[in-house]
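*Asks:* Let me begin by handing over the structure; questions about it come next.
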Amino acid sequence: MRAIRRDVLALQAYHLEEPPSPVKINQNEAPWDWPREMKERTLAQLASLPFHRYPPYRESALTAPLARRFGLSPGSVLVANGSNQLLQALFLACLGPRRKALIPEPTFSLYRQLALLCHGRAVGVPLGGDYRYDPEALLEAVRRERPRVVLVCSPNNPTGSVLSPREVLRLCEATEALVVVDEAYGEFAEGEGAAALLRGGPNNLAVLRTFSKAWGAAALRLGYLLASPPVAKEVAKALLPYGVSPLTAALGGAALREEGLFRERVLRIRALREDLHRNLAAIPGLRVFPSAGNFLLVKLGPRAREVYRRLKERGVLVRDVSSSPGLEGCLRFTVGSAEENAALLSALREVWP
Ligand code: PMP
């Protein structure tokens with residue numbers, strides 16, 4: 001064990017292990033799998049791939065369609081095994097001893113861990129009232145901390161808060177740091193998000209997106225980065241060669257060809273989110289925060305953990321975030337199908353207040 005770095009020994013591993021549950025609304029996944037026929041058609045095509053050959057050095061089948069989708073050049077797109085891997089590559093390229101990354105607080109817990117593993121330091125910038133982004137506080141922190149990376153999660157996990165593209169642009173203009181916008185949940189928010197800024201916009205912006213949420217493909221492990229070609233070129237150096245299996249890339253291509261299906265599902269989730277928000281807010285004693293993601297953060301107070309446990313006993317698995325700093329008393333509910341949301345509400349009414 002003496003071989004292991006002290007800061008790594010002190011680290012809590014990112015970990016989530018829960019038993020299977022009839023209603024699984026703890027990981028912000030899509031409630032619906034891909035249609036069987038679409039899976040079978042795509043898997044049949046995979047049989048013609050030459051398994052004995054290395055794939056392209058850098059994933060290429062998905063790069064062009066993604067670039068077209070966002071009106072960018074292919075040099076602006078990097079594909080990897082999940083957007084988390086691209087974040088790691090960004091941190092490896094930008095962070096080091098005494099190099100800081102600003103992150104919102106509270107946010108996705110992996111950011112802090114990845115920054116540390118990449119020898120950097122994450123500095124939290126508290127969100128404002130109702131967990132809204134506070135653009136002035138971010139600008140002030142940029143001036144004070146002189147970070148190399150400013151990471152914005154929009155919509156933010158687990159609060160659902162959004163930083164508008166206008167404010168992202170202001171941030172880019174106020175700093176030489178690389179501004180990274182994690183839009184893992186971007187499809188569930190209004191508008192095109194920060195990617196629109198990349199067309200002729202700032203050079204110090206990178207946008208992360210994933211197939212894990214709106215595209216219903218968390219199992220595929222597929223994410224992408226959009227940035228100016230010079231930035232993408234440098235980040236690519238921190239990715240492993242042949243990093244994306246051509247099987248995964250082909251499946252991602254199939255998803256892009258069925259964009260209409262996933263777009264329609266996103267609209268359904270948004271409508272279900274508004275219904276669930278209304279129904280939860282009508283339960284006395286619960287505080288529901290506005291969310292642009294496929295999840296809702298709900299404040300229950302000191303009984304949050306007990307409610308989480310009792311929901312689990314009733315077959316409804318949600319995320320207990322109540323032990324994270326700034327999220328005391330809160331649970332996070334993924335927006336599920338209409339049936340799953342109804343099951344949540346009915347179980348909740350049994351255990352609350
Ligand atoms: N970013 C955020 C904010 C997330 O919540 C998650 C999933 N929990 C990810 C990224 C992970 O994305 P991927 O599956 O593409 O690695």
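*Asks:* Evaluate the following for Leu311: is it buried (at least 18 other Cβ atoms within 10 Å of the Cβ), more than 24 Å from the chain's Cα centre (by Cα) and not in a strand (DSSP E or B)?
*Replies:* So Leu311 fits the description; yes.
*Asks:* Quick one: would you say Glu145 is acidic (Asp, Glu) and touching a Lys or Arg at 6+ places or on another chain (Cβ under 8 Å)?
*Replies:* yes
*Asks:* Follow-up. Restricting attention to segment 264-295, which residues are surrounded by 17 or more Cβ atoms within 10 Å (Cβ to Cβ), assigned to a strand (DSSP E or B) and out of contact with any Leu (no Cβ under 6 Å at 6 or more places or on another chain)?
*Replies:* Once the filter is applied, which keeps residues that are surrounded by 17 or more Cβ atoms within 10 Å (Cβ to Cβ), assigned to a strand (DSSP E or B) and out of contact with any Leu (no Cβ under 6 Å at 6 or more places or on another chain), segment 264-295 yields only Phe295.
*Asks:* A further question on this structure: Among the residues of segment 150-194, count how many are part of a loop (DSSP other than H, G, I, E, B), of a type in the set (Gly, Ala, Ser) and more than 16 Å from the ligand (Cβ to nearest atom). Walk me through it before giving the result.
*Replies:* As a first pass, look at segment 150-194 and keep what is part of a loop (DSSP other than H, G, I, E, B): 154-164, 175-177, 183-185, 189-192.
Narrowing the set further to residues that are of a type in the set (Gly, Ala, Ser) leaves 154, 160-161, 164, 177, 184, 189, 191.
Okay, now just the ones that are also more than 16 Å from the ligand (Cβ to nearest atom), so 164, 177, 191.
Matching residues across segment 150-194 total 3.
*Asks:* Follow-up question, since we're still on this one. Which residue is nearest to the ligand (Cβ to nearest atom), if the candidates are limited to segment 124-138 and must be among the aliphatic types (A, V, I, L, M) and crowded, with 17+ Cβ neighbours inside 10 Å?
*Replies:* Narrowing segment 124-138 to residues among the aliphatic types (A, V, I, L, M): 125, 127, 137-138.
After this cut, where a residue has to be crowded, with 17+ Cβ neighbours inside 10 Å as well, the list is 125, 127, 138.
Details: Val125: 16, Leu127: 14, Leu138: 17 Å.
Filtering segment 124-138 for residues that are among the aliphatic types (A, V, I, L, M) and crowded, with 17+ Cβ neighbours inside 10 Å, the one nearest to the ligand (Cβ to nearest atom) comes out as Leu127.
*Asks:* Follow-up. If you scan segment 257-312, which residues turn out to be over 17 Å from Ile25 (Cα atoms) and β-branched (Val, Ile, Thr)?
*Replies:* Ile283
*Asks:* Name every residue in segment 71-88 that is more than 16 Å from the ligand (Cβ to nearest atom) and in a helix (DSSP H, G or I), in order of residue number.
*Replies:* Residues satisfying the conditions are Pro74, Gly75, Ser76.
*Asks:* To continue, here is another question. From the list Ala238, Ala195, Ala214, Ala219, which one is touching a Lys or Arg at 6+ places or on another chain (Cβ under 9 Å) and over 16 Å from Ala67 (Cα atoms)? Steps first, answer last, please.
*Replies:* Details: Ala238 fails: touching a Lys or Arg at 6+ places or on another chain (Cβ under 9 Å); Ala195 fails: over 16 Å from Ala67 (Cα atoms); Ala219 fails: touching a Lys or Arg at 6+ places or on another chain (Cβ under 9 Å).
It is Ala214.
*Asks:* How about segment 49-70: which of its residues are part of a loop (DSSP other than H, G, I, E, B) and within 22 Å of the chain's Cα centre (by Cα)? Before you say what the answer is, go through the steps one by one.
*Replies:* Restricting attention to segment 49-70, the residues satisfying the condition of being part of a loop (DSSP other than H, G, I, E, B) are 49-62.
Residues satisfying the conditions are Glu59, Leu62.
*Asks:* Out of Leu92, Leu102, Leu116, which single residue is more than 13 Å from the ligand (Cβ to nearest atom), outside any helix (DSSP H, G or I) and touching a residue at least 60 places away in the same chain (Cβ under 8 Å)?
*Replies:* Working: Leu92 fails: outside any helix (DSSP H, G or I); Leu116 fails: outside any helix (DSSP H, G or I).
After applying the criteria, what remains is Leu102.
*Asks:* Return a yes/no flag: does segment 195-206 have any residue that is assigned to a helix (DSSP H, G or I), farther than 17 Å from Thr63 by Cβ and away from the ligand (no atom under 16 Å from the Cβ).
*Replies:* Quick first cut of segment 195-206, residues assigned to a helix (DSSP H, G or I) only: 195-198.
In the following step, the residues that additionally are farther than 17 Å from Thr63 by Cβ were identified as 196-197.
From the residues that got through so far, the ones that are away from the ligand (no atom under 16 Å from the Cβ) too are 196-197.
Looking for residues that are assigned to a helix (DSSP H, G or I), farther than 17 Å from Thr63 by Cβ and away from the ligand (no atom under 16 Å from the Cβ), one finds at least one in segment 195-206, hence yes.
*Asks:* Those residues that are part of a helix (DSSP H, G or I) and surrounded by 10 or more Cβ atoms within 10 Å (Cβ to Cβ), I need them from segment 18-39; list them, please.
*Replies:* Going through segment 18-39, the residues part of a helix (DSSP H, G or I) turn out to be 36-39.
Listed by number, the residues that qualify are Met38, Lys39.
*Asks:* What residue, of Ala236, Ala219, Ala177, Ala184, is under 23 Å from Asn294 (Cβ atoms), buried (at least 17 other Cβ atoms within 10 Å of the Cβ) and at pLDDT 95 or above?
*Replies:* Result of the check over Ala236, Ala219, Ala177, Ala184: Ala184.
The values are calculated or read from the model by the stated rules, or taken from the named source; none is laboratory data. Just so it is clear, the structure is predicted and the values come from calculations on it, not from any experiment. Reconstructed Cβ throughout: ideal geometry from the backbone, glycine too, with neighbour counts over all protein chains shown.
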